[in-house]
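One structure below.
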Amino acid sequence: MGDVIIASALFEDIARAFPGRAIHLNTSPAWQGLFATDPRFQQVFAVEWRERRRRIRGLLDWLWQVRAHRYDLVIDLQCNDRSRLLLGLLPLVGCWIPHRLGNRQQWPYTIAPAEFPPPVHTITRSRAALEAGGIPATTPRPILAISQQCREQVRALRQQHDLYPGGYVVFLPGCNANGYLKRWGADRYAALANQLRQEGVSRIVLIGGPDEVEECRRIAGQCGSWLVNLCGQTTILDIPLLCETAQFIVANDTGTAHLAAIAPTPMLVLCGPTDPRRVKPLGDNVITLQADLPCINCYRKTCSHHSCMTMLTPALVLQALQRLRASLLRES
């Protein structure tokens, strides 16, 4: 989800560069609904690739659908083996797109920037690709179209739980179950919540999906009724609205943090095995915190000590939050 949300800032740049032109979005079925009412796109289509038995059919559907529209320009924001293969197969079905923009100087792209030394954030590569095609890339944070119905639902949710603007803090304490090493941990989040409560924060809000239900339950079990556990009770597009009026956000490196970055709210992202230079959500209001260890950025799936997270004590996180708020106040 993180890559899709980051790309929404690039979608804004593309839409501004081509006013009045038909722009279509091709994404995966899981994210098609995020853009169903997005005025930047005249059509949003998706092809299922995850199921092995449907891959050949999906490939053919994609080729014929793209062929039917006779595009002048394709912008590939993935540039992985699959997207390059798909673009390379188009001539076999009689489709020739004259301008093919990607972030790598290789076949099948006709427009691409210079190569980058690693590690590079995906937004850096993608912005350079747009610039190589003469498209100014200046949108600072993700942008999604959020319906009025969704706004009304979130307004009711805030009223139900006494979540007044600037009076609550949002925690995003989970991540995909397969990447559990990216989690700071329920005990540390609970300790931070109790410390913030002592300092005058009236509400702490937990947000997460199905993979994070148990993690949020453990945090809530160590806090009082002032903690509002909304895990599993929100839709994807509820999240940026709930974050928009929060005092600040504390998050793991998770796709939900990228979604929260739609809001201008100050956010601290805790990084352990992943490189903050590559995974940081967009926006000047976002900072990352990472322990100083030889093994950081290991991207491992298992670990015997998890020192990268245990070294980030609640006291250190609280200090980082104080610095973040102070720096934003100076800038304002």
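Mind checking the dipole of the stretch 28-181: about its Cα centre, +1 per Lys or Arg Cβ, -1 per Asp or Glu Cβ, Debye to the nearest 20? Can you show the working numbers first?
Details: 19 positive and 11 negative charges, 71 e Å.
It comes to approximately 340 debye.
As I understand it, the dipole of the stretch 34-184 uses +1 on the Cβ of Lys and Arg and -1 on the Cβ of Asp and Glu, about the Cα centre. Which of 150, 132, 91 lies farthest toward its positive end?
Selected residue: 91.
Name the residue from 287, 257, 216 whose Cα lies farthest towards the positive end of the charge dipole of the stretch 148-331, charges +1 on Cβ of Lys and Arg and -1 on Cβ of Asp and Glu.
Working it through, the farthest residue towards the positive pole turns out to be 287.
If one computes the Cα centroid of the stretch 123-200 and of the stretch 27-86, what distance in Å separates the two points?
When both Cα centres are located, 27 Å separates them.
Do any cysteines in the chain lack another Cys Cβ under 4.7 Å, and if so which?
So far as the 4.7 Å Cβ criterion goes, 79, 95, 150, 175, 223, 243, 271, 295, 298, 303, 308 stand without a partner in the chain.
Treating only the Cβ of Lys, Arg, Asp and Glu as charged (+1, +1, -1, -1), what charge dipole size does the stretch 200-328 show about its Cα centre? Round to the nearest 20 debye. Kindly include the intermediate steps, with their values, before the conclusion.
Working: 10 positive and 10 negative charges, 50 e Å.
Approximately 240 debye in magnitude.
Over the stretch 2-132, what is the mean sequence separation of C-alpha contacts under 8 Å (at least six apart), divided by residue count, expressed as relative contact order in percent?
Working: 143 pairs, mean separation 22.5, N = 131.
The normalised contact order for the stretch 2-132 reaches 17 percent.
Could you give the length gained by full extension between residue 195 and residue 32, i.e. 0.36 nm per residue of separation minus their alpha carbon distance, to one decimal place?
On the way: separation 163, 0.36 × 163 = 58.68 nm, distance 4.00 nm.
In short, 54.7 nm is gained.
Explain nothing, just the number: dipole magnitude of the chain about its Cα centre with +1 on each Lys and Arg Cβ and -1 on each Asp and Glu Cβ, in debye rounded to the nearest 20. Don't skip to the answer; put the middle values down first.
Values: 36 positive and 27 negative charges, 114 e Å.
Its charge dipole is roughly 540 debye.
Below 8 Å between Cα atoms, with a sequence gap of 6+, how large is the relative contact order for the stretch 148-331 in percent?
Working: 317 pairs, mean separation 41.8, N = 184.
Normalised by residue count, the contact order of the stretch 148-331 is 23 percent.
Using Cα-Cα distances under 8 Å and only pairs 6 or more residues apart, what relative contact order does the chain have, in percent?
Values: 541 pairs, mean separation 51.2, N = 332.
It comes to 15 percent, rounded to a whole number.
So what's the angle, to the nearest 10 degrees on a 0 to 90 scale, between helix 148-160 and the longest Cα principal axis of the chain?
10
Place a label point 7 angstrom from the Cα of residue 107 along the Cα-to-Cβ direction, then list the residues of the stretch 57-87 whose backbone nitrogen is under 18 Å away.
Answer for this model: 79-87.
At a Förster radius of 25 Å, what calculated FRET efficiency corresponds to the Cβ-Cβ distance of residue 326 and residue 284, to the nearest 0.05? Each step should come with its number before you reach the end.
Working: r = 15 Å, r/R0 = 0.58.
So, using R0 = 25 Å, E works out to roughly 0.95.
Using alpha carbons only, how many angstrom separate the centre of the stretch 88-106 from the centre of the stretch 244-272?
Spelled out, the Cα-based centre of one part sits 37 Å from the other.
Since every read-out is calculated from the coordinates, none of them should be taken as a lab result. In this text the structure is predicted, and so the values were computed from the model without any measurement. Virtual Cβ from ideal backbone geometry, glycine too; neighbours counted across all protein chains shown.
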